[in-house]
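The values are calculated or read from the model by the stated rules, or taken from the named source; none is laboratory data. As the structure is a computational prediction, the values presented were derived from the model and not from experiment. So basically every Cβ, Gly included, is an ideal-geometry build from the backbone, and we count neighbours across all protein chains shown. Each accessible area value is taken on the protein alone, full model and side chains, heavy atoms only, with ligands, DNA and RNA left out. Shrake-Rupley method; radii C 1.70, N 1.55, O 1.52, S 1.80 Å.
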Amino acid sequence: MNFTIKIKAIIGVTLAIIAAFITIQAMSHTAVIAADTSLSTAQQQEVRAIVKEMLVNDPDLLKEALIAMQIREQGSQQASVKSLIEQHQQSLFNSKTDPWKGAEKPGLTMVYFTDFNCPYCKKLEPELDKLMTEFPQLKIIIKMVPLQGKGAKDAVDLAQTVWLNEPEKYLALKDTLMAAPRRLDSAIIAKVAKLTKTQDWLNQKDSRVDSIVDNNLQLMRQLGFRGTPSMIIGEQVIPGLVPFETLKKAVESALEDQKDG
């Protein structure tokens with residue numbers, strides 16, 4: 001077979017390899033090795049020239065290869081996320097020590113990891129309230145994690161203790177702590193506790209709190225979450241502060257999946 005024809009015949013393999021590398025030079029060099037390790041130096045140079053010419057003349061080839069690679073990666077990631085959610089189903093959705101808000105008999109339950117000192121969590125809170133208004137069948141499980149300093153830890157200790165002992169006071173406490181315009185400290189927490197009539201629990205941490213918080217932190221690591229806010233809606237993981245429309249579409253998709261299932 002003519003060498004140039006042979007090279008063109010293996011371009012499909014070359015393009016697949018190209019998609020995995022950052023630069024054309026590195027990609028084409030690796031492609032030569034993978035395509036035919038018996039090529040001489042001159043033949044390898046010719047292959048690089050052919051690949052470069054193809055990409056210059058038709059850059060959509062590289063674009064198509066990259067899109068195909070991204071689709072494969074997304075499919076793999078989605079399968080991995082689904083597996084992780086199934087693996088941690090009990091800890092995520094059925095822990096009796098987790099605070100929650102929304103529907104008592106939900107049609108859909110989402111999980112929300114949050115930190116009282118996280119500015120993005122503070123901005124997300126009104127969007128979650130809006131989401132519950134639009135979807136009254138929604139229940140939100142709240143997993144509190146103290147990632148941002150002593151103030152965050154003290155706030156979680158108080159809020160989790162209140163939930164375990166006076167759950168009817170929890171949401172007022174949580175919402176008021178979240179509404180604080182700056183990072184929490186002992187003075188702000190004490191003021192909020194007085195406002196919400198939960199001051200009796202200051203410095204009276206429930207003995208179960210440390211274990212609950214440790215489990216939340218461990219669960220975050222196992223799920224690959226790197227910070228807050230992080231949410232699970234259906235089989236979707238939503239990291240970070242996102243627009244309301246993104247949350248709405250995720251809920252609608254999860255509800256539709258339940259119908260199909």
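Key figures
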read-out	value
For the range 183-232, the fraction of alpha-carbon pairs in successive 10 Å shells from zero, as %	20, 32, 37, 10
Label point distance in nm, Glu245-Val81, each placed 7 Å from Cα along Cα→Cβ	1.9 nm
Hz values of 3J(HN,Hα) by residue in the range 140-155 - Karplus curve (6.51, -1.76, 1.60), Gly and Pro given as x	10, 8, 10, 10, 8, 10, x, 9, 10, x, 5, x, 5, 5, 4, 5
Solvent-free Debye scattering, log10 I(q)/I(0), computed from the Cα coordinates of the range 190-261 at q = 0.20 Å⁻¹	-0.91
Histogram of C-alpha separations across the range 70-177, 5 Å bin width, %	2, 11, 18, 21, 19, 15, 8, 4, 2, 0
Mean separation of Cα contacts under 8 Å (6+ apart) over length of the range 185-242, as relative contact order %	16 percent
Protein accessible area in the range 104-189, 1.4 Å probe - carbon and sulfur %	55 percent
Reachable lysines from Lys191, criterion Cα separation under 18 angstrom, eight or more residues apart if same chain	Lys150, Lys153, Lys169, Lys174, Lys205
Ser186, Ser83, ranked by accessible area, largest first (probe 1.4 Å)	Ser186, Ser83
Relative contact order (percent, whole number), the range 154-198, Cα cutoff 8 Å, 6+ residue spacing	45 percent
Intensity falloff of the range 112-261 expressed as log10 I(q)/I(0), Debye formula with alpha-carbon point scatterers, at q = 0.11, 0.16 Å⁻¹	-0.43, -0.89
